[in-house]
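Just so you know, all these numbers are worked out from the coordinates, no wet-lab data involved. As the structure is a computational prediction, the values presented were derived from the model and not from experiment. All Cβ positions, even for glycine, are placed from backbone atoms using ideal geometry, and neighbour counts span all protein chains on display.
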Amino acid sequence: MFLKKRFEQKEINGVQMGNGLLSFRGVNLNVHSFFIDGVLIDTGAKSLESYFKPFFNQLNIEQVVITHYHEDHTGNASYLQKTLGVPLYMNQGMIESCKTKADYPWYRKFFWGKRKPFIANPIGDSFTSKRATWNVIKTPGHSRDHLSFLNNETGQLFTGDIFVNEKVKVILQEEHIPDTIESLQKILTYDFKEVFCNHAGHLSDGYHSLKTKLNHLTELQDRILHLYHEGRSSDEINQILFPRKYPITKLSLGEWDSLHIVESVINHEAKENAYQAR
């Protein structure tokens, strides 16, 4: 059984978009890499390297900025560093981890490949390209090192995996819903027009899309806490709010699960209460 792969490329409002797509037994995944003004945002997955290489080689890449350390965003960082010699920048928190051989579950290696080590530089609160200054916005939640990048010249916002879709059904075990809510609240204070999401692609009304997701997560958090204060357990709340079980939960041996949504909210509430009780 083999993965089916394909690649799509297009340009929207000056942004070159490379989109690698995978499918296997009804499971369909994709990941984008974006380029504008000499800046490459994220590098795609190692399993799609042969598709991303022609895309990279036609661009005049001067620097690479990485939204977060996950392998579908950093899979070709080593190639770009060793072959093209371009500097890489990311959140300092995961730089040491990325210097070593990646360690993640088999199913992620099957879909995204085995990311090779690479050496990145710590990124600051801003950076410059040929025609623009950029804000580097810390947006943890999907991962603790997650960043978003705002091109102040064009008003284009690159959001990594903070959006993906408007309604959340399952999340990675490391994700944290209250942090994602806070990050969305922060990012909506900035002045931007369109959004480029590494999985959803181009969102012409990006502000509305992010606002819709924030409203959904806030309402979901309120429902979880209401049930929790009624005395319901995490498992009971999960069954009430997410009765449907998705194949990714079984495939990932629970690394992806709706239960992580519930537990991240409840655990955050417990920590807040403990802190206030000091």
Net charge over other residues, Cβ less than 11 angstrom from the Cβ of TYR104 (K, R count +1; D, E count -1) | 0
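To the nearest 0.05, how large is the calculated FRET efficiency for VAL86 and GLU230 if R₀ is 45 Å and r is the Cβ-Cβ distance?
0.25
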Using a ≥ b ≥ c from the Cα gyration tensor of the stretch 175-258 (square roots of the eigenvalues), is it rounded, prolate or oblate, where a/c under 1.5 gives rounded and otherwise the larger of a/b and b/c decides, a/b for prolate?
-> oblate
Measuring from label point to label point, each 7 Å out along Cα→Cβ, what is the ASP205 to LYS53 span in nm?
-> 4.3 nm
Compute the signed sum of charges (Lys and Arg +1, Asp and Glu -1) over the other residues within less than 11 Å, Cβ to Cβ, of ALA45.
-> +2
Taking the Cα centre of each part, how many Å lie between the stretch 111-131 and the stretch 1-75?
-> 14 Å
Around LEU184: net Lys/Arg minus Asp/Glu count, Cβ-Cβ under 14 Å = -1
Let me know the shape class of the stretch 88-186, please: from the alpha-carbon gyration tensor, a ≥ b ≥ c as square roots of the eigenvalues, rounded when a/c is under 1.5, otherwise prolate if a/b is greater than b/c, or oblate.
-> oblate
The stretch 4-206, relative contact order in percent, only Cα pairs under 8 angstrom and at least six apart counted | 15 percent
Put a dot 7 Å past each Cα toward the Cβ at GLU166 and ILE119; how far apart are the dots in nm?
-> 4.6 nm
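Would the stretch 1-50 count as rounded, prolate or oblate if I go by the C-alpha gyration tensor, calling it rounded below 1.5 in a/c and otherwise prolate when a/b exceeds b/c, oblate otherwise?
Prolate, since a/c reaches 1.5 and a/b exceeds b/c.
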Report the label-to-label distance for GLU11 and GLU153 in nanometres (one decimal), using points 7 Å from each Cα along the Cα→Cβ vector.
-> 1.5 nm
Just list whichever of LYS109/LYS167; LYS167/LYS250; LYS186/LYS245; LYS5/LYS82; LYS46/LYS82 have alpha carbons separated by over 23 Å in the model shown.
-> LYS109/LYS167; LYS186/LYS245; LYS5/LYS82
Checked against the positive end of the charge dipole of the stretch 4-206 (+1 on Cβ of Lys and Arg, -1 on Cβ of Asp and Glu, about the Cα centre), the farthest of ILE171, ILE137, PHE24 is PHE24
